[in-house]
Amino acid sequence: MRLSSFLSQSARWGRAALALGGTLLLTGCNLNFWRMDGHQSTIQVDGPVARSQLEVFYVTCWVTLVIFVLVGAVLAYATLKFKARTADDEHAEPPEQSHGNPLIELSLIGLSILALVFIAVPTLKAIWFTYDVPEEQRDNAYEVTAIGYQWWFKFEYPNEQIDGVGPLVTANELVIPAGRPVRVNLRTVDVIHSFWVPKLAGKVDMIPNRGNHLWLQADEPGYFWGQCAEYCGDSHAVMRFRVIALNEADFADWLSREKAPARTLTQTAAAGEAPKIQFASFKRNEYGFSEKWDANAAVPPLNHWKQQQFPLQNEDAALIATGRRLFTEKTCAGCHTVRGHEGLGITGPDLTHIGARTTIAAGLLENNPEQMARWLLHPDAVKPGNKMYTTGYIPNNITLTQDEVSALVAYLESLK
Ligand code: CUA
């Protein structure tokens, strides 16, 4: 090919690349965008399992990039060098063919095998590493069981037994010790779900009648976003959860609070103004805590989670007592448990300490009185097809007035 045409071609490509780069620069001047550090990034990871998986990704990426560049260069060279330039070229004899050249054929086979071996060795190592907690760390590992429901997650702590009750049970926010391997048994009660905390570990399916497991570890205390990663029905996309990793002392604290039965306010314990709930203006946040969280947020999510452990100010004991009564009257207690109060239901999430969680509706909404009211008033609008609405509200003909919702919200938010 003539040098001049090559140069003009290159200039055109250069301009296109500049335009694309400029567009990206203008649309994404967000640091997290460039660091690829969203809540569910698999590139900025925070634990050894996710890190080992990231390494496999990079190895594969680099090997295939080298192959792509080599093949692309040869293809471009051949295309440009041998293209027909004049009418006579159209009928010219093809250049000398190298088909069947043993040296080329054998080297190509050899190089392919080499590339595959280069990818296979770290891949196999990572498969063994990520399959289960390494033997030398097994004594130090913590065990939890995650159970998928349409559309939320139940978490059981088999080694934290409560007298006369059974293992500690919670929902949608999995609290773990930081810096320790955690083995997660994966179960489901209905369809196939998939357990995925991108910054901590790759996804593993929760399959009916099959005991899967994975392990993960958070390097440091932190707040991590999780998501069901296998299509499981109407609200699959909003079947989320959080992992909260705590240092040893905080974790022990949390366990003792969580094992305690639900908090009860005596009528004289608190009196004050009931929090005003803005029924008309729900905050537009479908992301749980928090939509716009980044390094500049006033309160990092883990701190927010810690604040959430304390009772709200201005609790109204009388209103809370009304809420507790309504919890049974409106048949909430048929599906939910508030351990120590009413309710032995197991089809819905355990609510014994729901007020202490940062999110409700399986990680979809922030846990505050406004969002709780929204969730109770319009569960179908928040999470289409959910069982609270389809098998709770509809067949039982449940309607809630705004006063009833205020009382229920006060009660639920008091359950720290
Ligand atoms: Cu559960 Cu998708």
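The values are calculated or read from the model by the stated rules, or taken from the named source; none is laboratory data. Keep in mind it's a predicted model, so treat the numbers as computed, not measured. Methodologically, a virtual Cβ is constructed for each residue, glycine included, from the backbone with ideal geometry; neighbour enumeration extends over all protein chains shown. Please note that ligands, DNA and RNA were not included when accessible areas were found on the heavy atoms of the full protein model with its side chains. Shrake-Rupley method; radii C 1.70, N 1.55, O 1.52, S 1.80 Å.
Points worth noting:
- Evaluating P122 against the criteria (1) in a loop (DSSP other than H, G, I, E, B); (2) open to solvent by less than 80 Å² (accessible area, probe 1.4 Å) leaves one unmet condition, (1).
- Residue match in the range 322-330 (condition: within 30 Å of D234 (Cβ to Cβ), among the basic types (K, R), in contact (Cβ under 8 Å) with a residue 40 or more places away in the chain and surrounded by fewer than 22 Cβ atoms within 10 Å (Cβ to Cβ)): yes
- Only one entry of P158, P181 meets the criterion of being open to solvent by less than 10 Å² (accessible area, probe 1.4 Å) and farther than 19 Å from C228 by Cβ, and that entry is P181.
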